[in-house]
Amino acid sequence: MERESSDDEEDRQNLIDENERKLPHRSGFQIEDFKSRLSAHRFSFNKRYLFAIFPPLFILLIYFTTDVRNLFTTNISIVKADSPTDRMRESELRALYLLRQQQLSLFSLWNHTAFADSAPIPSNSTLDFSTRQVLLSSADFKSALLKQISLNKEIQQVLLSSHPSGNLSELVDDNGDLNFGAFSFNRCPKVNQNMSQRPTIEWKPRSDKYLFAICLSGQMSNHLICLEKHMFFAALLNRILVIPSSKFDYQYNRVLDIEHINNCLGRKVVVTFEEFTESKKNHLHIDRVICYFSLPLPCYVDDDHVKKLKSLGISMGKLEPAWAEDIKKPKKRTAQDVQAKFSSNDDVIAIGDVFYANVEEEWVMQPGGPLAHKCQTLIEPSRLIMLTAQRFVQTFLGKSFTALHFRRHGFLKFCNAKERSCFFPIPQAADCISRVVERADTPVIYLSTDAAESETGLLQSLVVLNGKLVPLIKRPTRNSAEKWDALLYRHGLDGDSQVEAMLDKTICAMASVFIGAPGSTFTEDILRLRRGWGSASHCDEYLCQGEQPNFIADNE
């Protein structure tokens, strides 16, 4: 499904099975070492000594040249322990395997810490991001040590499992054992948003004053951001916000619960176009159109959209720019600037598309937004979409998962036009994703993408952690045997590209860790929801954040 410019594409099923890692090979003793020891002693043999020594040597030769490697490639879990000797042998083999794994992990940890010792980072360092990735943070080091402590305890348990008691706690003094609960460590904790401390304003509109929202730029994600800014403007101007008609804009009531906004504020602050029409008794007139942007077009409204408005029976006056403002270079504006330029005694006003408006950005972008309300977020998915997302997570993902927005369609040209390109070769992207998943310690990745199967297939083959493929899971096509999407089907919402896009956002917003597409408003809307819902993690980042693509094509 296209998340930005091609929202009408449907997602395809890509639930990829996890490939099991084979146990490592272990070679037997080498007969050459035994021969070298014998050659050190220069005995003079006679025939009696030769006949006395040859049979044992022959037996030893057979024993040491037998290929014992198969012992380590055999699936140990299916060995039948019919006797204490068999159980002991199985335990020893399993312990040897775990010790080998621990050796590799410790060696990797040593390499990281050795690099850090040889290249200390001063407080004012300007090392590039890829170099910093090699260095272990304190959190990473503690987590790595905790894993080794846990693995050591597992090895002890395996070695003692063949003992008659078979229980580590019965063979080790509890007072000398470690309390692992005290060593729990989360490398990707949630961000403390301090919602109660955020600065806000009250939205108390006059019942007879309206702000008519006009959002035209981009796709649904752009329009939702535009609506959020319109709400801020309406609060500053003490007006009720009119949600656009589906004949002029998207059908918002299919993806949002409009009444949820009113409930969060405890008063009527937004109305649908139909409610507005009824209140005006079909006398639909926008008294004043005060344009926020003057360039490239006043109010960022072209003639076609003006005709669409008039076809709805809406009459409007001349477009009046409030100031000289270009969407390509928006100036920083304050709340006082907006109140000074857009306050009016007219009943109904419009200010055009404000998606690019830069007004109190830090205030607007804070968790929960700039308005005082009793909910987590004002603009959020409808209840049906929320429940469907929860059911999908319960069915396919579980509590701990990483979500990835992998934007590709139309993104190559868009990214390469930027000063720093954001379109990464798939092998480089896979490496970046694997690093985040290792840090997050999640078993699966939810993939929200518009990429072709050729790209997602290659990506899946390269996202590897500890020798295993990390499954990339996409929403499957509808199957009547599956019930996670039954609510959408029953309410006639299945197959709607905007509903599916909002469902994708919701699932991503629920993830333990989120990897976004830099420059994508689809990603920005997910980050907004994560901030508001308190699901934002310290490990959230843009794909290959801080890096440049290792290969960039020339422009046309």
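The values are calculated or read from the model by the stated rules, or taken from the named source; none is laboratory data. The shown structure was predicted, so the numbers you read here are calculated from the model rather than taken from an experiment. Virtual Cβ from ideal backbone geometry, glycine too; neighbours counted across all protein chains shown. Accessible surface areas use protein heavy atoms only, side chains included; no ligands, DNA or RNA. Shrake-Rupley method; radii C 1.70, N 1.55, O 1.52, S 1.80 Å.
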For this session: Answer yes or no: is there a residue in segment 488-508 that is at positive phi and part of a loop (DSSP other than H, G, I, E, B).
Result: yes
Exercise. Looking only at segment 237-251, which residues are surrounded by fewer than 23 Cβ atoms within 10 Å (Cβ to Cβ) and either within 27 Å of the chain's Cα centre (by Cα) or in contact (Cβ under 8 Å) with a residue 60 or more places away in the chain (or both)?
Worked result: 237, 245, 247, 248, 250, 251
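Could you tell me whether residue 370 is buried (at least 22 other Cβ atoms within 10 Å of the Cβ), modelled with pLDDT under 95 and out of contact with any Leu (no Cβ under 7 Å at 6 or more places or on another chain)? Show your work before the answer.
Details: buried (at least 22 other Cβ atoms within 10 Å of the Cβ): yes; modelled with pLDDT under 95: yes; out of contact with any Leu (no Cβ under 7 Å at 6 or more places or on another chain): yes.
When the stated conditions are applied, residue 370 passes them.
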Exercise. Mind checking which residues of segment 356-365 are in a loop (DSSP other than H, G, I, E, B) and open to solvent by 30 Å² or more (accessible area, probe 1.4 Å)?
Worked result: 356, 360
Exercise. Can you name the number of the only condition in (1) open to solvent by less than 30 Å² (accessible area, probe 1.4 Å); (2) in contact with a Ser or Thr (Cβ under 9 Å, 6 or more places away or on another chain) that residue 536 fails?
Worked result: (2)
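Being over 30 Å from residue 550 (Cβ atoms) and open to solvent by 20 Å² or more (accessible area, probe 1.4 Å) narrows it down to one of 382, 343, so name that one. Before the answer, list the steps.
Working: 382 fails: open to solvent by 20 Å² or more (accessible area, probe 1.4 Å).
Being over 30 Å from residue 550 (Cβ atoms) and open to solvent by 20 Å² or more (accessible area, probe 1.4 Å) holds for just one of 382, 343, which is 343.
Could you tell me whether any residue of segment 255-263 is assigned to a loop (DSSP other than H, G, I, E, B) and either at pLDDT below 90 or surrounded by 18 or more Cβ atoms within 10 Å (Cβ to Cβ) (or both)? Talk me through it step by step, then tell me what you get.
Let us first name the residues in segment 255-263 that are assigned to a loop (DSSP other than H, G, I, E, B), namely 255, 257.
The next check asks that each one be either at pLDDT below 90 or surrounded by 18 or more Cβ atoms within 10 Å (Cβ to Cβ) (or both); those that pass are 255, 257.
Checked segment 255-263: at least one residue is assigned to a loop (DSSP other than H, G, I, E, B) and either at pLDDT below 90 or surrounded by 18 or more Cβ atoms within 10 Å (Cβ to Cβ) (or both).
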For this session: Pick out the one residue from 384, 447, 472 that is over 30 Å from residue 228 (Cβ atoms) and at pLDDT 95 or above.
Result: 472
Exercise. For segment 311-340, how many residues are closer than 17 Å to residue 284 by Cα and buried (at least 18 other Cβ atoms within 10 Å of the Cβ)?
Worked result: 2
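Considering every residue within segment 162-177, establish whether at least one is over 23 Å from residue 272 (Cα atoms), in a helix (DSSP H, G or I) and modelled with pLDDT of 65 or more.
Let us first name the residues in segment 162-177 that are over 23 Å from residue 272 (Cα atoms), namely 162-177.
Remaining after also requiring in a helix (DSSP H, G or I): 168-171, 174-176.
Filter once more, keeping what is modelled with pLDDT of 65 or more: none.
No, that holds for no residue.
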For this session: Give the number of residues within segment 427-480 that are in a helix (DSSP H, G or I), hydroxyl-bearing (Ser, Thr, Tyr) and closer than 30 Å to residue 493 by Cα.
Result: 2
For this session: Looking only at segment 512-527, decide whether some residue is buried (at least 23 other Cβ atoms within 10 Å of the Cβ) and assigned to a loop (DSSP other than H, G, I, E, B).
Result: yes
Problem set entry | Matching residues in segment 284-306 - criterion: being among the acidic types (Asp, Glu) and under 42 Å from the mean Cα position of the chain (by Cα) | 302, 303, 304
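Name the residue, out of 329, 281, 310, that is outside any strand (DSSP E or B), under 37 Å from the mean Cα position of the chain (by Cα) and free of Cβ contacts under 8 Å to residues at least 24 places away in the same chain. Quick ask: steps written out before the conclusion?
Numbers: 281 fails: under 37 Å from the mean Cα position of the chain (by Cα); 310 fails: under 37 Å from the mean Cα position of the chain (by Cα).
Only one candidate qualifies: 329.
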Seminar exercise, completed: Within segment 480-508, the residues that are among the basic types (Lys, Arg) and surrounded by fewer than 14 Cβ atoms within 10 Å (Cβ to Cβ) are 483, 490
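Among the acidic types (Asp, Glu), loosely packed, with under 15 Cβ neighbours inside 10 Å and farther than 21 Å from residue 345 by Cβ, is that true of residue 274? Steps first, please.
Details: among the acidic types (Asp, Glu): yes; loosely packed, with under 15 Cβ neighbours inside 10 Å: yes; farther than 21 Å from residue 345 by Cβ: yes.
Criteria met by residue 274.
Restricting attention to segment 344-355, does a residue exist that is part of a loop (DSSP other than H, G, I, E, B), within 26 Å of residue 210 (Cβ to Cβ), polar (S, T, N, Q) and in contact with a helix residue (DSSP H, G or I) (Cβ under 9 Å, 6 or more places away or on another chain)? Can you show your working first?
If we filter segment 344-355 for residues that are part of a loop (DSSP other than H, G, I, E, B), which is where we start, we get 344-347, 351-355.
Cutting the leftovers down to within 26 Å of residue 210 (Cβ to Cβ) gives us 344-347, 351-355.
Filter once more, so that each one left must be polar (S, T, N, Q): 344-345.
With in contact with a helix residue (DSSP H, G or I) (Cβ under 9 Å, 6 or more places away or on another chain) added as a condition, the list becomes none.
Within segment 344-355 (the criterion being part of a loop (DSSP other than H, G, I, E, B), within 26 Å of residue 210 (Cβ to Cβ), polar (S, T, N, Q) and in contact with a helix residue (DSSP H, G or I) (Cβ under 9 Å, 6 or more places away or on another chain)), the answer is no, since none of the residues qualifies.
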Exercise. Which one of these does residue 407 not meet: (1) modelled with pLDDT of 95 or more; (2) charged (D, E, K, R); (3) surrounded by fewer than 22 Cβ atoms within 10 Å (Cβ to Cβ)?
Worked result: (3)
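Being under 13 Å from the mean Cα position of the chain (by Cα) and either within 13 Å of residue 403 (Cα to Cα) or of a type in the set (Phe, Trp, Tyr) (or both), is that true of even one residue in segment 448-456?
yes
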Exercise. Got at least one residue in segment 374-389 being part of a helix (DSSP H, G or I), at negative phi, touching a Cys at 6+ places or on another chain (Cβ under 6 Å) and not β-branched (Val, Ile, Thr)?
Worked result: no
